[in-house]
Amino acid sequence: MNKWLCLVCLIGLLSLAGCQSEGGGVTQKVLADFGIGEHPEGYVSGSDKVYQQLDTVGQTEMKRMNSEGREGKILFEQDGLKGRYFKETKVYESARPVDVKSSTGSTDRGFVGFIEYECRMYHGEAKPTRAEAAAQTADISTDKTVRETMRYNFSVSGTWDGGKGERSSQ
């Protein structure tokens with residue numbers, strides 16, 4: 001019986017010693033993950049990795065949205081009994097990272113990043129028909145600016161999935 005007790009104690013001590021590394025590495029990481037201890041030097045959390053990528057994602061998405069939005073939309077402006085059509089486009093001018101949150105989906109684990117875009121509205125010259133307005137380029141700058149917040153999905157490792165952003169009320 002005494003031999004078995006010594007063997008069990010020896011195995012327990014070896015397993016505890018095996019989990020230890022310089023500075024209590026494994027133990028320190030576990031405590032930090034539970035918010036009890038300090039993170040080891042050089043530690044970067046998943047949300048920090050995502051936040052660092054948001055600038056690049058914002059610039060990439062601005063290029064995509066500006067190229068998709070070149071066609072704009074045709075609007076009708078009532079002027080008494082008459083009306084005129086004009087083209088309106090939105091040009092994304094700046095992107096600013098706002099926030100990163102853990103994804104709470106049951107199947108998706110990972111992160112959600114939020115980027116706020118500032119857009120300037122441009123109009124085309126007013127025309128009497130929709131076809132003429134569609135043929136115009138919207139190159140007249142307006143004083144109207146719009147802010148939009150878009151949500152992007154990131155994996156557990158903090159990698160952007162490359163998908164388009166979804167409008168967010170954040």
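The values are calculated or read from the model by the stated rules, or taken from the named source; none is laboratory data. Note that this is a predicted model, so its numbers are computed, not measured. A quick note on method: Cβ atoms are made from the backbone with ideal geometry, for glycine too, and the neighbour counts reach across all protein chains shown.
Please verify whether residue 126 is touching an Asp or Glu at 6+ places or on another chain (Cβ under 9 Å), over 17 Å from residue 103 (Cβ atoms), in contact (Cβ under 8 Å) with a residue 60 or more places away in the chain and of a type outside the set (Ser, Thr, Tyr), treating the condition exactly as stated.
Taking the combined requirement at face value, the residue does not satisfy it.
For residues in segment 59-82 being part of a strand (DSSP E or B) and acidic (Asp, Glu), which is farthest from residue 135 (Cα to Cα)?
Only one residue fits best here, namely 79.
For residues in segment 115-133 being surrounded by 16 or more Cβ atoms within 10 Å (Cβ to Cβ) and more than 31 Å from the chain's Cα centre (by Cα), which is nearest to residue 166 (Cα to Cα)?
Selected residue: 124.
Where residues in segment 134-152 are closer than 21 Å to residue 50 by Cβ and touching a Ser or Thr at 6+ places or on another chain (Cβ under 7 Å), which of them is surrounded by the most Cβ atoms within 10 Å (Cβ to Cβ)?
Of everything passing the filter in segment 134-152, 150 is surrounded by the most Cβ atoms within 10 Å (Cβ to Cβ).
Any chance segment 98-116 includes a residue that's of a type outside the set (Val, Ile, Thr), more than 21 Å from residue 46 (Cβ to Cβ) and assigned to a loop (DSSP other than H, G, I, E, B)?
There is no residue in segment 98-116 that is of a type outside the set (Val, Ile, Thr), more than 21 Å from residue 46 (Cβ to Cβ) and assigned to a loop (DSSP other than H, G, I, E, B).
Restricting the search to segment 34-58, which residues are surrounded by 13 or more Cβ atoms within 10 Å (Cβ to Cβ), assigned to a helix (DSSP H, G or I) and either among the polar types (S, T, N, Q) or at pLDDT below 75 (or both)?
46, 47, 52, 53
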